[in-house]
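The values are calculated or read from the model by the stated rules, or taken from the named source; none is laboratory data. The model shown is predicted, which means the values in this text are computed figures rather than measured ones. A quick note on method: Cβ atoms are made from the backbone with ideal geometry, for glycine too, and the neighbour counts reach across all protein chains shown. The protein model used for the area step is the full one, side chains on, heavy atoms only, and it has no ligands, DNA or RNA in it. Shrake-Rupley method; radii C 1.70, N 1.55, O 1.52, S 1.80 Å.
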Amino acid sequence: TMHTDLARLHKGKVGAQFWSVYVVASLKEPQAVQATLEQIDVTRRLIAKYPGDMTLALTSRDVERAMREGRIASLMGIEGGRELVVSRRALREGE
């Protein structure tokens, strides 16, 4: 009983899915950065597991291309963003 799945996304003609990269606020800053990078990795692996259905989208052109190809553009955002204060470089490496 998931909130979303590929079959329903395709049936509903969803062109893009936004993934919120979330870690609990109680984590100390170094652990929050690590957990955020791990969540980015999990999201990237999920997208890579279904290349015929999904594609990573970093720009609006990526979204347009995905929609033309009949794939779901997958965008990510860091919820809260406090990790950016600690290490913008580390998070860029997670791209």
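For segment 4-23, give me each residue that is within 15 Å of residue 77 (Cα to Cα) and open to solvent by less than 100 Å² (accessible area, probe 1.4 Å).
Here is the first cut: in segment 4-23, the residues within 15 Å of residue 77 (Cα to Cα) are 16-23.
Of everything in segment 4-23, those that are within 15 Å of residue 77 (Cα to Cα) and open to solvent by less than 100 Å² (accessible area, probe 1.4 Å) turn out to be 16, 17, 19, 20, 21, 23.
Just the residues that are out of contact with any Gly (no Cβ under 9 Å at 6 or more places or on another chain), surrounded by 12 or more Cβ atoms within 10 Å (Cβ to Cβ) and within 23 Å of residue 11 (Cβ to Cβ), please, taken from segment 65-76.
If the condition is that a residue be out of contact with any Gly (no Cβ under 9 Å at 6 or more places or on another chain), surrounded by 12 or more Cβ atoms within 10 Å (Cβ to Cβ) and within 23 Å of residue 11 (Cβ to Cβ), then 65, 74, 75 are the ones that fit.
Tell me which of these residue 31 doesn't satisfy, since it passes every other one: (1) crowded, with 17+ Cβ neighbours inside 10 Å; (2) at pLDDT below 95.
Residue 31 satisfies all of (1) crowded, with 17+ Cβ neighbours inside 10 Å; (2) at pLDDT below 95 except (1).
When residue 48 is evaluated against the numbered criteria (1) more than 16 Å from residue 9 (Cβ to Cβ); (2) crowded, with 18+ Cβ neighbours inside 10 Å; (3) of a type in the set (A, V, I, L, M, F, W, C), which criterion, by number, is the only one it fails?
Result: residue 48 passes all but (2).
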